[in-house]
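Following: one structure in structure tokens, then a few remarks.
Please treat every number below as a calculation from the coordinates, not as lab data. Model, not experiment: these values are computed from the prediction. Virtual Cβ from ideal backbone geometry, glycine too; neighbours counted across all protein chains shown.
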Ligand SMILES: [Zn+2]
Ligand SMILES: [Zn+2]
Ligand SMILES: [Zn+2]
Ligand SMILES: [Zn+2]
């Protein structure tokens, strides 16, 4: 059987300090570990095209172009709007993908890799003020203590309600007290940020493992997708319920997808630069038109995809109002060009099991 060797990503728990920008992590959730620490995207760029709320960091993949000295360090970031109504089938309007790259010699990081030392001093506020809640650029600060920064009025209000109210007066009385945010900012009981994980990227196994029952794995995945669609069944009508519990139609693409995924059932990423996405269904073929790079007008190529399994690890809930996807396929500038802003927008396709 001839098929491309590809890399897959699985998740591991890791102490947050080891996912600091100086270690160039691939990671899920928490705050973004920015690459260029100074020329960050402004909050307007990182707000939802539909509801205007701030987008939340979903994941980042560290993927240098070894052959290009401008991309010695290179990271792709994905942001998402957490509001369920902004998430529509086969539409990626609630997402934003940004690419950033740096030469080995740059103003932010040492030329040689950093040692894993928790106590190493690495002042981030030297470069930019970050929102205390979500970690994107924070142009405004708390008017009272002038110690914490925010991307938006929304995050400032949430922070005030969830703990800064008490903390603010402490800081005002004792300006030297160190700035620690040790409470979790939530909205409607959900944490604003996704649970943080390290993303470990490694080669996919070549053949189907003998000891994995492919049919069983396929059935498990099929069920999972149905459960996601069904969500909380309490407020679903009978007709809807019937629609959700009906077996999915025979779908060759889905069968191929499930068979391949069964090699590593927990994979959340498939990295295959200049390869092809592993689509989840053959139902939709309306999205093969990939726009050219808006910075160099060059071609884009497929780089990686995020798998639906990720939804199980980031605690998004499974009600009908939660965010959801089948696969997320990311296309980036083939040359990984250098012009334009430091964080360049790339292209993402969301494919769902439903049309
Ligand atoms: Zn939105
Ligand atoms: Zn924020
Ligand atoms: Zn304050
Ligand atoms: Zn380009």
*Percentage of Cα-Cα pair distances in region 1-74 greater than 22 Å, rounded to whole percent?*
41
*Can you figure out the FRET efficiency of residue 72 with residue 169, using R₀ = 45 Å and their beta-carbon distance, to the nearest 0.05?*
0.45
*If the chain between residue 121 and residue 200 were fully stretched, how many nm would it gain, using 0.36 nm times the residue separation less the Cα-Cα distance?*
25.9 nm
*Taking a ≥ b ≥ c as the square roots of the eigenvalues of the Cα gyration tensor of region 1-155, is the shape rounded (a/c under 1.5), prolate (a/b larger than b/c) or oblate?*
oblate
*Gain in length, residue 253 to residue 292, computed as 0.36 nm per residue apart minus the alpha-carbon separation, to one decimal in nm?*
11.4 nm
*First measure r as the distance between the Cβ atoms of residue 16 and residue 274, then evaluate 1/(1 + (r/R0)^6) with R0 = 35 Å and state the FRET efficiency to the nearest 0.05.*
0.55
*With each pseudo-label sitting 7 Å past Cα toward Cβ, what's the residue 114-residue 207 distance in nm, one decimal?*
4.4
*Would you order 325, 127, 279 from fewest to most other beta-carbon atoms within 10 Å of each residue's own beta-carbon?*
127, 279, 325
*With each pseudo-label sitting 7 Å past Cα toward Cβ, what's the residue 105-residue 223 distance in nm, one decimal?*
5.9
*Computed label-point distance, nm, for sites residue 6 and residue 144 using a 7 Å Cα→Cβ extension*: 5.2
*In what order do 307, 124 fall by count of nearby beta-carbon atoms within 10 Å, going from fewest to most?*
124, 307
_Quick check: residue separation of residue 312 and residue 44 times 0.36 nm, minus the Cα distance between them. What number comes out in nm?_
93.5 nm
